[in-house]
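Input: a single structure, listed below in structure tokens.
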Amino acid sequence: MKFPNAADRSAIIAGAGTVNAPTPPRTPRKNNKKNETTGQKTLLSEQQQLALRDAAILPFDSSLAHQETTIEGLTPRVAAERLEQFGRNEVDHDKPAPAIVQFIRTFKNPFIIILSFLLVIMIFTDIIWADPEEGVDYTGVITIALMVLVSASLRFWQEFRSGRSAEALKAMVRTTSAVTRSRNGVSVTREIPIEGIVPGDIIQLAAGDMIPADVRIIRSKDLQVNQSMLTGESLPTEKSPEHLVALNTKDLLEATNLGFMGTSVVSGSGTAVVLGTGTNSYFGSMSSSITGARPETSFDVGIRKVSFLLIRFMLVMVPVVFIINGITKDWGSAFLFGVTVAVGLTPEMLPLIVTANLAKGAQYMSRRKVIVKRLNSIQNLGAMDVLCTDKTGTLTEDRIVLERHLDLKGNTSEETLLLATANAHFQTGLRNLLDRAIIDAAGEDTLDRVLLTYDLVDEMPFDFMRRRMSVVVGDSKQHLIITKGAAEEVLSVCTTEQYDGAVQTLTSARKKEIRELIAENNSLGMRVLALATKSITPIPQEGSEADYFTSDESDMTLVGLLAFLDPPKASAAEAIKSLQSHGTQVKVITGDNELVAETVCRDVGIDVGNIVLGNQIEDLSDEELIELAKNTTVFAKINPLQKARIVESLRAGDHVVGFLGDGINDAAALRAADVGISVDTAVDIAKESADIILLEKDLTVLEKGVLEGRRTFGNTMKYIKMTASSNFGNMFSVLVASAMLPFIPMIPIVVLVQNLAYDLAMLTMPWDRVDDEYLKKPRKWETKSMAHFMIRIGPISSIFDITTFALMWFIFQANSPEHAALFQSGWFIESIISQTLIVHMIRTRKIPFIQSRASLPVMLATGAVCIFGLILPFTNWGASLGLVPLPMSYFPWLVATLLAYCLLTQYFKVRFVKKFDTWI
């Protein structure tokens with residue numbers, strides 16, 4: 001089974017499960033266990049872990065016997081029976097709900113629920129129980145119904161469209177694997193769909209294959225497997241059939257004779273027996289553990305708290321207004337006005353404004369190679385104060401490079417590079433990642449020198465016993481063996497060294513110094529190979545070429561060292577610096593070892609501090625891990641569920657956490673985070689768990705998304721605070737007026753018209769500018785700040801409402817029910833213009849119009865509402881609503897009132913910022 005690209009690999013994972021143990025009985029789908037003391041989850045059941053361990057420490061014959069199979073494979077009849085018994089080799093996946101279900105879910109929003117409740121009441125008051133003389137009034141019902149429907153429809157369409165885009169990223173290919181089965185006593189190997197693989201099947205592995213199940217290796221030839229999808233380690237792992245002396249169940253992924261579903265063969269070939277399939281596998285257990293309902297995010301918590309805050313205000317204000325009006329007037333109009341107050345206190349357009357803000361943010365991000373699967377995640381991205389990321393491919397290039405080619409003094413050596421290039425070029429087997437790195441580093445000029453200088457004579461291929469490989473080059477007069485391999489294995493066959501251009505005896509003291517040089521490079525996170533040579537004068541053999549054997553790898557001369565590294569991305573350091581400057585900590589959680597993690601993190605500007613390993617957090621309680629996670633920047637050798645537990649601990653420590661990852665080992669953490677971020681080349685389970693998918697795995701792209709998230713949140717909070725505070729002020733004014741006036745201070749339908757005009761203007765808020773200072777740190781929902789804002793800023797408008805009451809009552813003599821329309825018209829104009837103008841005062845903590853100006857759409861919309869408020873009482877529509885024209889002498893008073901209102905608001909804004917160090 002070959003896959004040419006990452007998309008194919010993703011498709012393979014989409015259709016298959018990983019297999020875990022040689023355990024015939026199927027386990028329940030939800031088989032995660034949790035340690036009651038530490039809260040530590042385990043992916044596999046104890047039975048599965050022990051079965052995998054036993055398979056690794058016993059000879060492979062035991063696995064064949066346990067699975068009741070042979071090297072010739074299962075018969076078709078037995079395979080069919082096992083397929084029936086164990087099920088198809090598939091894992092649990094979150095599948096998109098039907099469109100109608102997704103649409104209904106969009107109504108599950110606190111503000112939409114409040115509006116829907118008010119809608120039901122208005123159906124009764126305005127339609128069913130309408131006054132026969134005044135007739136049925138559909139205005140309020142239609143207005144609120146439209147708000148609810150438009151908001152829900154916008155949110156549904158954006159998320160449905162993004163979901164379809166994410167689904168389209170999955171590769172649609174049929175994946176197969178080479179399986180050997182016994183047909184009529186004859187072993188036949190053929191490609192079959194991986195869904196049909198069962199425990200006991202014998203599979204053949206070759207370079208480029210995806211391992212389709214958890215398997216026990218029973219034969220190998222230079223087999224190297226990339227397990228980065230599970231472990232995070234970028235270098236391939238050598239696999240062989242030899243049984244292990246011992247293995248801890250916590251270290252199953254380190255077993256050199258086990259293969260796991262989703263990993264891929266880099267080089268070599270092998271044969272393996274399938275131990276388990278579907279949900280009985282390592283990957284399958286992980287997949288099962290993360291399907292279903294997602295945890296509540298920062299956005300969900302915030303919107304719920306704001307909703308309940310507004311509901312609490314409503315539960316206090318509405319009954320008080322109802323009782324006062326009922327006592328001073330009649331109970332029927334009091335109930336109607338109470339409902340109007342409830343509507344007035346509710347930011348009716350909040351669901352629509354929030355959705356429009358998020359949709360605009362999603363559109364902005366889509367132009368920057370980002371797919372937003374869940375709209376709420378944009379706000380979470382802006383609130384994110386901790387970004388946890390894997391190392392490979394995010395901070396690094398996700399490719400191996402030859403970082404250093406050294407002589408034995410530790411200096412760069414072109415001769416070492418030349419000999420290494422000859423070794424890598426002339427080997428006839430499939431080049432591994434290290435060979436490719438050598439040839440890439442050499443470049444065309446060095447490769448040309450190799451081709452001009454040497455001819456291939458023979459080779460001794462790599463094997464896991466020797467852990468080295470050799471090529472023999474030369475001509476008829478002189479042959480040169482060039483050997484490259486694991487440092488200790490090459491050192492063991494060397495008796496001399498090349499030092500300062502001369503060959504000298506390799507003494508014990510020099511071996512110690514060379515080992516220290518190797519350790520120094522290892523400490524920088526590099527993998528080190530040694531290079532040795534041996535010159536041989538060939539003995540002429542008539543009719544045949546010279547043959548060389550592994551026994552010829554002796555009495556060699558050590559020449560130099562090769563150090564390999566997955567290098568940091570050029571853009572990573574700048575992106576991390578920018579994220580940190582904007583208040584987002586970057587923490588690295590990797591499955592790779594601590595030396596590699598430390599080197600990469602240091603190179604990209606992350607203050608490493610004390611690195612914590614996976615085994616150190618294994619037995620910590622949740623409380624202990626919360627404290628440790630808060631003070632730790634780099635975690636290494638971390639398994640998948642430890643990643644998720646670290647993310648959960650950070651969230652429990654009052655952080656908004658993002659997680660960036662693309663492997664199977666990242667899926668649980670992606671789901672646990674407030675915002676899960678993956679890439680389009682990720683495995684399907686990672687993309688399903690993510691909220692945001694990057695089309696380019698680059699922190700720079702992510703950093704732009706963070707700023708857009710804060711811009712989106714800022715414009716949302718502007719609407720909430722300015723609307724809630726002004727509505728609170730208006731209703732406070734209503735409370736005062738209700739107690740003092742012999743008539744209601746504003747006509748109920750006019751209240752709705754005023755709110756609708758104001759809210760339509762607020763639809764431009766998603767396009768407003770946000771001050772640069774606001775973008776410099778994460779922003780969260782803060783109900784305490786909002787309560788302070790409503791209580792301290794809202795009543796400012798009431799001061800000028802009351803002065804307007806006095807103006808209309810005493811100056812314009814609108815002090816009886818006969819003149820109620822004049823009073824109501826005067827307050828309407830002052831109320832709608834002050835409510836709209838104050839937008840410019842509240843949208844920034846700076847001085848409006850001078851230090852910070854609103855965007856053109858906001859300027860035009862608010863200006864239009866002010867003009868609308870001025871002319872409505874002079875129109876026929878205004879007359880039909882019960883409004884009357886005002887005398888020209890009213891307007892100088894209006895200007896003075898508005899000017900005083902703006903100045904007083906600016907004064908209290910400065911006081912508020914100084915006291916609470918926050919505004920929007």
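The values are calculated or read from the model by the stated rules, or taken from the named source; none is laboratory data. Since the model is a prediction, treat every value here as computed from it, not as a measurement. Ideal geometry is used to build each Cβ from the backbone, glycine not excepted, and the neighbour counts take in all protein chains shown. When the accessible area is computed, the model is the full protein with side chains, heavy atoms only, and any ligands, DNA or RNA have been set aside. Shrake-Rupley method; radii C 1.70, N 1.55, O 1.52, S 1.80 Å.
Determine, yes or no, whether Glu133 is at pLDDT below 75, loosely packed, with under 13 Cβ neighbours inside 10 Å and either on the phi < 0 side of the Ramachandran plot or aliphatic (A, V, I, L, M) (or both). It is true that Glu133 is at pLDDT below 75, loosely packed, with under 13 Cβ neighbours inside 10 Å and either on the phi < 0 side of the Ramachandran plot or aliphatic (A, V, I, L, M) (or both). Count, please, the residues in the range 151-186 that happen to be among the polar types (S, T, N, Q), open to solvent by 40 Å² or more (accessible area, probe 1.4 Å) and either modelled with pLDDT of 90 or more or out of contact with any strand residue (DSSP E or B) (no Cβ under 7 Å at 6 or more places or on another chain) (or both). Summing the residues that are among the polar types (S, T, N, Q), open to solvent by 40 Å² or more (accessible area, probe 1.4 Å) and either modelled with pLDDT of 90 or more or out of contact with any strand residue (DSSP E or B) (no Cβ under 7 Å at 6 or more places or on another chain) (or both) in the range 151-186 gives 2. With respect to the conditions (1) farther than 28 Å from Ala442 by Cβ; (2) assigned to a helix (DSSP H, G or I); (3) open to solvent by 60 Å² or more (accessible area, probe 1.4 Å), Ile539 lacks only one, and its number is (2).
Select from the range 753-787 the residues that are touching a Phe, Trp or Tyr at 6+ places or on another chain (Cβ under 6 Å) and in a helix (DSSP H, G or I) and list them in ascending order. Show your work before the answer.
In the first step, residues of the range 753-787 are kept if they are touching a Phe, Trp or Tyr at 6+ places or on another chain (Cβ under 6 Å); the result is 757, 762, 765, 779.
Across the range 753-787, the qualifying residues are Ala757, Met762, Met765.
Put simply, of Ile482, Ile518 the only residue that is open to solvent by less than 70 Å² (accessible area, probe 1.4 Å) and over 26 Å from Leu595 (Cα atoms) is Ile482. The criterion of being in a helix (DSSP H, G or I), farther than 30 Å from Ala575 by Cβ and either within 38 Å of the chain's Cα centre (by Cα) or modelled with pLDDT of 85 or more (or both) holds for Ser725.
Matching residues to (1) over 30 Å from Gln363 (Cα atoms); (2) open to solvent by 30 Å² or more (accessible area, probe 1.4 Å); (3) touching a Pro at 6+ places or on another chain (Cβ under 6 Å); (4) β-branched (Val, Ile, Thr):
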residue	(1), (2), (3), (4)
Leu763	no, yes, no, no
Trp767	no, yes, yes, no
Lys777	no, yes, no, no
Met786	no, no, no, no
Ser797	yes, no, no, no
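Among the listed residues Ser492, Ser571, identify the single one that is small (Gly, Ala, Ser), open to solvent by 10 Å² or more (accessible area, probe 1.4 Å), touching a helix residue (DSSP H, G or I) at 6+ places or on another chain (Cβ under 6 Å) and on the phi < 0 side of the Ramachandran plot. Give the derivation first.
Working: Ser492 fails: touching a helix residue (DSSP H, G or I) at 6+ places or on another chain (Cβ under 6 Å).
When all the criteria are applied, what remains is Ser571.
Got at least one residue in the range 396-403 being among the β-branched types (Val, Ile, Thr), in contact with a His (Cβ under 9 Å, 6 or more places away or on another chain) and closer than 19 Å to Asp662 by Cα? Scanning the range 396-403, I find no residue that is among the β-branched types (Val, Ile, Thr), in contact with a His (Cβ under 9 Å, 6 or more places away or on another chain) and closer than 19 Å to Asp662 by Cα, so the answer is no. Here the condition is being modelled with pLDDT under 95 and over 37 Å from the mean Cα position of the chain (by Cα); of Ile842, Ile833, it holds for Ile833 alone. Among the conditions (1) buried (at least 21 other Cβ atoms within 10 Å of the Cβ); (2) in contact with a strand residue (DSSP E or B) (Cβ under 7 Å, 6 or more places away or on another chain); (3) not in a strand (DSSP E or B), the only one that Ala441 does not satisfy is (1). Against the criterion of being outside any loop (DSSP other than H, G, I, E, B), open to solvent by 10 Å² or more (accessible area, probe 1.4 Å), small (Gly, Ala, Ser) and at pLDDT below 90, Ser10 does not qualify.
Can you name every residue in the range 444-479 that is part of a helix (DSSP H, G or I) and either within 39 Å of the chain's Cα centre (by Cα) or surrounded by 15 or more Cβ atoms within 10 Å (Cβ to Cβ) (or both)? Let's see the steps before the verdict.
Pass one, the range 444-479, residues part of a helix (DSSP H, G or I): 444-453.
Scanning the range 444-479 gives Thr446, Leu447, Arg449, Val450.
When Thr633 is tested against (1) closer than 22 Å to Val706 by Cβ; (2) open to solvent by 10 Å² or more (accessible area, probe 1.4 Å); (3) out of contact with any Cys (no Cβ under 9 Å at 6 or more places or on another chain), exactly one condition is not met: (3).
Name the single residue that is farthest from the chain's Cα centre (by Cα) among those in the range 576-618 being surrounded by fewer than 19 Cβ atoms within 10 Å (Cβ to Cβ) and among the aliphatic types (A, V, I, L, M). Among them, the one singled out is Leu595.
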